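Chemist: Can you keep this structure in mind? I'll have questions shortly.
Computed from the coordinates by the stated procedures, all read-outs in this text should not be read as laboratory data. Note that this is a predicted model, so its numbers are computed, not measured. Cβ coordinates were reconstructed from backbone atoms using ideal geometry, including for glycine residues, and neighbour counts include every protein chain displayed.
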Amino acid sequence: MKTTGGMHRWNRPFASCVVWIVLCVASPATGVELTEQARRLHRQVLVFDAHIHLISRQFYQGGHIGQRYADGHVDLPRMREGGVDAFVLALYVQEEYYPARYETKQFLRLLERALAELEANRKQVELALSGRDIQRIHRRGKIAAVLGLEGTFDVDGDLALLRVFHRLGLRVMQIAAHNWTSNYSDSCCDSRRWGGLNDRGRQLVREMNRLGILIDLSHASDETIEDVLEITNQPVVVTHGGLRSFNDIPRNLPERLAEKIAAKGGLIGVQIGNSFHSRRFYEWLVEREGRKFWERPRVQGNLAQMSIEEIDALLRPSFPSVGPQAPTGLLMGVDEWLSVVDRLIELVGEDHVILGTDFDGGVTPPREIRDVSDLPVLTAAMLKRGYSERRIRKILGENLLRVFSAVTR
């Protein structure tokens, strides 16, 4: 049995055979040669994805995470095939719930569904509260799920609620209320109300440090990021993002902030989608949709006066959340995606770069990637680019495990 860092990749010979067969079958379809070295390395490494949407489609559309879907990007069978060993399960509270102040209730509803799904599939996946949990679960041949919040638990930033959610298992949380300026911080894509964090936001950062919740700077404004970095006594992470030097949009980081995050021991997760990294795709998308991708479509009616069930019905047709198909010539290839990784390594070093795919979060993946089952293609492409096995291990999982372990210990 092959191991890495003292952790077994699989504890069932049958599971190893299934993954090996899937990789062999997948290679002709992807157009990237999955060499024996790439197959072997991907089986061995700990793959820890910083941002995957696994519950939203089940909440809105029904079904279970253990079944194989014909659409979307993510389910447990395809995660197994893609070699995912641990992931941050993004509980996405959408802004439509904020005007009527349903955001806390919606987070609890998503959390309940997530915990129920993990329990129903406990032979395959298990909740992890710390780095030690991830290692233990991995040794047992199961996938480790870390609960993360995308959006807000409470527009006012109530610290008592934060403590309750930590007790319920929350271990990663965005400091920004997605693309919404909250009563404690500014986001990347809304009006600037506070110039970063206000006093409540600063208290929130300190309490997250104290509790051991990893701070996610995705969707935060530049000023909010600066303020968090000034206050935090723990490393922080951007779970899914990119660089403005590739696509100059506010959801991406300026290079100076990427360097500051790394200087505090933090990490930058590279999202998998075209709209973050490919300017030509982004411009095509804006023209096609008539809006920027982070802007919400206009809603018929007053959200502040809708029931939560009415908002559910409004959002239901958008799941599973995948980006639009585009002409092949518009799609970036895995090599272009790796160029973003290359630049980040030049800026901050290989110890501060991670994978945060954002699968089922509205992404259009590179043309060689269909869904999470194709993650071995990234390993093959990195080897082809000349990355060492040590570098690949760090990017695919070891860096995130190190920082997550430090914050939650």
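Chemist: Short version: what are the Cα gyration tensor semi-axes of the range 101-180, square root of 5 times each eigenvalue, largest first, in whole Å?
Modeler: The equivalent ellipsoid of the range 101-180 has semi-axes of 26, 13, 10 Å.
Chemist: I need the peptides 111-124, 330-343 ranked by packing, meaning the mean over residues of other C-beta atoms within 10 angstrom, with the highest value on top.
Modeler: Top of the packing list down: 330-343, 111-124.
Chemist: Lys/Arg Cβ at +1, Asp/Glu Cβ at -1, dipole of the chain taken about the Cα centre: which of L211, I308, L118 is farthest positive-ward?
Modeler: Checked the options; the winner is L118.
Chemist: For the range 171-254, with equal point scatterers placed on the C-alpha atoms only and solvent neglected, what are the log10 I(q)/I(0) values from the Debye formula at q = 0.13, 0.14, 0.25 1/Å, to two decimals?
Modeler: So the normalised log intensities are -0.35, -0.40, -1.23.
Chemist: Oh, and also: Tell me what the chain gives for mean residue ellipticity at 222 nm when only DSSP H runs of n ≥ 4 count, each as -39,500 (n - 2.57), the sum divided by the residue total, rounded to 500 deg cm²/dmol.
Modeler: After summing the helix terms and dividing by residue count, I get -12000 deg cm²/dmol.
Chemist: Ok, one more. So how far, in whole Å, is the C-alpha centre of the range 330-367 from the one of the range 149-194?
Modeler: Taking the Cα centre of each part, the range 330-367 and the range 149-194 sit 26 Å apart.
Chemist: What does the highest-first list of 214-225, 272-283, 150-161 look like by mean Cβ count within 10 Å?
Modeler: Packing order, densest peptide first, comes out as 214-225, 272-283, 150-161.
Chemist: Using the Kirkwood radius built from alpha carbon pairs, what does the Stokes-Einstein equation give as D for the chain at 25 °C and 0.890 mPa s, in µm² per second?
Modeler: 116
Chemist: What is the angle, in °, between the Cα long axis of helix 13-30 and the longest principal axis of the Cα atoms in the chain? Nearest 10 is fine, range 0 to 90.
Modeler: Between the helix axis and the principal axis of the chain, the angle is about 80 degrees.
Chemist: Please turn the phi angles of the range 276-291 into ³J(HN,Hα) values with the Karplus equation 6.51 cos²θ - 1.76 cosθ + 1.60 (θ = phi - 60°), one per residue in order, whole Hz, x for glycine and proline.
Modeler: Result, rounded to whole Hz: 7, 10, 10, 5, 5, 5, 4, 5, 4, 5, 4, 5, 5, 8, x, 7.
Chemist: With viscosity set to 0.890 mPa s at 25 °C, what whole-number translational diffusion coefficient in µm²/s follows for the range 245-302 from Stokes-Einstein and a Kirkwood radius over Cα pairs?
Modeler: 183
Chemist: Collect residues whose amide H, placed 1.01 Å from N in the peptide plane, falls under 5 Å from the amide H of L127; neighbours closer than 5 in sequence don't count.
Modeler: Amide H to amide H, under 5 Å and 5 or more residues apart or across chains, L127 pairs with A145.
Chemist: Taking the convex hull of the Cα atoms, report for the range 93-146 its projected area averaged over all directions, in nm².
Modeler: 4.2
Chemist: Under a Cβ-only charge scheme (Lys and Arg +1, Asp and Glu -1), can you give me the dipole magnitude of the range 37-165 about the Cα centre, in debye to the nearest 20?
Modeler: 940
Chemist: So for the pair D342, A116, with labels modelled 7 Å out along Cα→Cβ, what separation do we get in nm?
Modeler: Simple spin-label model gives 4.8 nm for this pair.
Chemist: On to the next question. In whole Å, what three semi-axes, largest first, describe the equivalent ellipsoid of the range 291-409 built from its Cα gyration tensor (square root of 5 times each eigenvalue)?
Modeler: So the three semi-axes of the range 291-409 are 34, 20, 13 Å.
Chemist: Treating the angle as unsigned and between 0 and 90°, give the value, to the nearest 10°, between the Cα long axis of helix 103-120 and the longest Cα principal axis of the chain.
Modeler: Between the helix axis and the principal axis of the chain, the angle is about 30 degrees.
Chemist: Here is a follow-up. How much FRET efficiency would the formula 1/(1 + (r/R0)^6) give for L159 and I308, where r is the Cβ-Cβ distance and R0 is 25 Å, rounded to 0.05?
Modeler: E between L159 and I308, to the nearest 0.05, is 0.55.
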